[in-house]
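Below: the structure, in structure tokens.
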Amino acid sequence: YCFLPNVPYFPLCSFPTPLSRMRLVQKSLCALMVVTASLAVLYLHVWSPKPYTTVDLRNRPDRAPEQLLKDRLLVPDKKYAHITFRIKKEILEILPKNFCKCEVEPSMSFPFQKQLFGYVWTLDFANAFNPSELPEINSMREQEYRSYLQRSQSPADQLLIVRANSPLEYPAQGVEVRPLGTISIPGLSLQAADSVLYWVSLTATMGTFDVAAEVDGVKVEGEGEMHLTLSGSQLDHLNRQLQFVTYTNTLFHPNTADTVQFSTDKHHASFTIRIRHAPTPRLHNPGSSSGGTARAEYNISALVTIATKTFLRYDKLRTLIASIRKFYPTVTIIIADDSQIPEHVQGPHIEQYFMPFGKGWFAGRNLAISQVTTKYVLWVDDDFIFTPRTKVEKLVDVLEKTSLDLVGGAVREISGYTATYRQRISVQAGNEEGDCLHIRQGYHHIIEGFPDCVVTDGVINFFLARTDKVLQVGFDPRLSRVGHLEFFIDGLGMLHVGSCSSVVVDHASKIKLPWLKTEQEKQYARFRYPNSSDSSMTTKQNLFYFKNHFKCMTGN
């Protein structure tokens, strides 16, 4: 149909000429070429390999962080060689050394000393291995230890010394950038005497420098590179330019640091820029307070999950659950069970998880706590009994109002004796033979505002903890039959531990005449209390020696 202005359309039959057909084919080919070229450009832009840089992340001996401050305390340099000094042995003995040893301190002997005050003992972990296999064990242990140091240390851990009378001003700490991000570096300044020309330079190893603005009279060299130089004849202009200096991280690492060298004339300084992703929060809904009862300050059901590990003792487990329900009817109870013939324990807010027979104590702890979704987890043994003194909200109050990660309570035996099992744990740095582990009963400080609570390093097997912190430390599943304090040793430096003696749980009686014990009770005793020929103690010593790099330990 043909359409003409102001004329009704009318049918018109026409036949294309050869010339018009040729023009149509040419137009089609041109359109096809344009579309094909556009798609090719789009493909190259979207799917072609990006020019990523290659990063060497291998652990090599020459990549270990260097020690920037040498031990010159007793052997000074030539500048101080002529100065006499007197050694204070009582102070020198408590300074860190390159070796350690486990020995029993001499003390006076009293009648019944062992029964009343205990005694200090020492243990050498190398004795847990056969002498023939010890050289190979030591070789593998040393290799693993060096690899661990290379992975765990970063430039942020290095010691940096600020030299005296330096005209350079710079941030001592607190500068942080996201990986591959950009920041302005605060606090850079030069306080120099009058001069014809002033200059400073900055050098990095994991990023580049630039300026967010250009100041008149200042020459900037090295923009977008790892080495930046600023120079000018006017000091205030140079310092104004330093306020615009930026740093961009170019070598990706989720958590490390770049050591920046800051120099002018004969003066040199170093500072670190922390490179890391900010830790992702893991928040828990505390729930609304139920109100109306003495225990309603916190919503315990929303905040706390009770976890336990059971093995063959279903009568004790059911007694525990019944006692919990008297005070906390809606709190979730999680049970890890590795009994040979499992029994289903049913009820509201109860979760029971079955494991292979005899899988073990710490493996059960891992399983139970891995299923916890609340902010806190309360660990209890399966033969505990809750009483009116088992006020979980008191432990919650301590964790809510302090920096503690874990707080233990007290366990009352049927005799009336109450134990908190407070332990102070310390590690003395050693040499290539290993470090020395020292364990002593006691605590460090009383917690202000909580007079019955103290700061310590290890507590009894009844504690409330932040779930994410317990998962961070974990329980070594190789400790299947005997283990408790090993968790706190693994958590040393990660867990802030406390203990409150006013929150008490009862311990079911263990007193029973031998001929009245059931077959299950006898089987439990064989697993729970291994004899001297059992490998459980040897396994613990092997782990201390190889995994934790300890050569010996002392305790009381």
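Annotations for the structure displayed:
- Solvent-accessible surface of protein heavy atoms, probed at 1.4 angstrom with all chains present, puts 420, 308 in the order 420, 308, largest first.
- Surface accessible to a 1.4 Å probe, residue 482 within the full protein complex, Å²: 40
- Residue-normalised accessible area of the range 180-287, given per residue in Å² at a 1.4 Å probe: 53
- These residues, 361, 199, go from largest to smallest accessible area, 1.4 Å probe, as 199, 361.
- Förster-model FRET efficiency, 25 Å R0, residue 401 and residue 370, C-beta, rounded to 0.05: 0.35
- With all protein chains modelled, accessible area of residue 318 [1.4 Å, Å²]: 100
- Fraction of beta bridges assigned by DSSP in the range 222-359 that are antiparallel (%, nearest 5): 50
- Largest accessible area first, the residues 553, 33 order themselves as 33, 553 under a 1.4 Å probe with ligands, DNA and RNA left out.
The values are calculated or read from the model by the stated rules, or taken from the named source; none is laboratory data. Keep in mind that this is a model prediction, so the values were computed, not measured. Positions of Cβ are generated from backbone atoms using ideal geometry, with glycine treated the same way; all protein chains shown enter the neighbour counts. Accessible surface areas use protein heavy atoms only, side chains included; no ligands, DNA or RNA. Shrake-Rupley method; radii C 1.70, N 1.55, O 1.52, S 1.80 Å.
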